[in-house]
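In what follows, a structure is listed as structure tokens, so that the remarks can point back to it.
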Amino acid sequence: METYVALCGVGAERVTANELRKLGLAVEDTGFGRVRFRADIRGCYRALMGLRTADRVLWEAARFPAADFDALFEGIRAAPWEGFIPGGMGLKVDKVRSNRSQLRGITSIQGVAHKAAAERLCGKYHVSRLPEQGATAEMRVYLEKDEAQVLLDLSGEPLFKRGYRTEGGIAPLRETTAASLLFLSNWRRKFPLCDPLCGSGTIVIEAALYAWDAAPGTGRNFALEGMLAADRQVEREVREEFLSKTDFTRTIRIFGSDADPRAVAGARSNLMRAYRLARGEGPRSGPESSGAGEKPALPVFEAVKMGDLKAPFDEEGFIITNPPYGVRLGDPEEAEAVYREMAVLCRIFPGWKLACITDHAGFESLFGRKAVSCKELTNGAIRSYFYQYETLRG
């Protein structure tokens, strides 16, 4: 058993920890935007393919006190790097963070960390230096209160890159953030869901993947594949297990709309790519999924202005949306106009719940209603706010 770390958006730690538990993995603890867990290599593959809200999965190579550079060097050199990094693979220190620690110089920390790991690997593989070209492993060093956490990335491309979104629109929401919104809002697939500002369709598509029980990572590659800990047989078994559990025939009532017909066309294209990947038709295709030949229950996208939406048949449901950010789109006034326009949803969906994410701390005053809860949640590097309304009635 090894210790791994799932990185997630700040504010999403609880839902990521819950996901890990549902995957049968043992959560050790949670921190600022990260969750530590224990797993064997099968569990590692389950996390890489099955987590919806995590941006990366990393192996924790070492964790130790490091109040000075000597301690940092010895701690990193003592880590069993040769269990993951093969001979002929390079190594770089991708990220360093230091908080409330005596070691603060990022460049110096990078240099010491690389030298320590390289010295261990060169000694094990009887070489004078590590390759500077070709396949390269990526290390991270986090220092918190003089304790070092040294990590090796197993994801490669971040996990929010599912492979289905090639038409992202002007200001796309991360797939992992969209999945976090679904869990934080307490939406369940038995309830209808609507995104009236769907853009590239990310929230709607992530909702469909969840409703289908489709693991988001079965159609992509991972950095782990080039490392010594990789097990192709286990990887194949985990992928086939996830694909066999996917059910595209479940009744779902998931809708997306946008005033821009081009955005809707892109969302539909993204949806069909997500469906094909979920069936096992991606670059990592295994046997055709058990859903082959079914008539899938797909979300519906429509090009319609928010004010022209029709009242739904259901008296209860969820509106989960990502209205435009002034920071992202470069026009705060235009974004604020959209927030005011959103008040029309109270008339169209009076008994529904509303959950939305925006970078605007004054959203409630513009929307005209006080949220029952507001919490900070990051979307990439953007500090955002997640607002929830229990009902739009009254």
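The values are calculated or read from the model by the stated rules, or taken from the named source; none is laboratory data. Worth saying up front: this structure is predicted, and the values here are computed from it rather than measured. Here Cβ is always computed from backbone atoms with ideal geometry, including for glycine, and neighbour counts include all displayed protein chains.
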Requested in this report: Restrict the check to the range 141-159 and report whether at least one residue is modelled with pLDDT of 95 or more and within 30 Å of Pro350 (Cβ to Cβ).
Outcome: no
Requested in this report: Please find, within the range 343-370, the residue that is nearest to Ile203 (Cα to Cα) out of those that are in a loop (DSSP other than H, G, I, E, B) and either hydroxyl-bearing (Ser, Thr, Tyr) or touching a helix residue (DSSP H, G or I) at 6+ places or on another chain (Cβ under 6 Å) (or both).
Outcome: Asp359
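Residues checked against (1) surrounded by fewer than 18 Cβ atoms within 10 Å (Cβ to Cβ); (2) outside any loop (DSSP other than H, G, I, E, B):
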| position | (1), (2) |
| --- | --- |
| Leu103 | no, no |
| Val112 | no, yes |
| Val127 | yes, no |
| Gln133 | yes, no |
| Glu138 | no, yes |
| Val141 | no, yes |
Requested in this report: Would you mind finding the one in Pro312, Pro324 that is part of a loop (DSSP other than H, G, I, E, B), in contact with a helix residue (DSSP H, G or I) (Cβ under 9 Å, 6 or more places away or on another chain) and within 29 Å of Asp55 (Cβ to Cβ)?
Outcome: Pro324
Query raised in the report: When residues of the range 230-239 are filtered for being touching a Gly at 6+ places or on another chain (Cβ under 7 Å) and surrounded by fewer than 16 Cβ atoms within 10 Å (Cβ to Cβ), how many remain?
Result: 1
Query raised in the report: Does Ala117 satisfy the criteria of being surrounded by 15 or more Cβ atoms within 10 Å (Cβ to Cβ) and in a strand (DSSP E or B)?
Result: no
Report task. Quick one: in the range 43-62, of everything that is of a type outside the set (A, V, I, L, M, F, W, C) and not in a strand (DSSP E or B), which residue is surrounded by the most Cβ atoms within 10 Å (Cβ to Cβ)? Result -> Thr53
Query raised in the report: Within the range 371-391, is there a residue that is within 24 Å of Pro192 (Cα to Cα) and either acidic (Asp, Glu) or touching a Pro at 6+ places or on another chain (Cβ under 8 Å) (or both)?
Result: yes
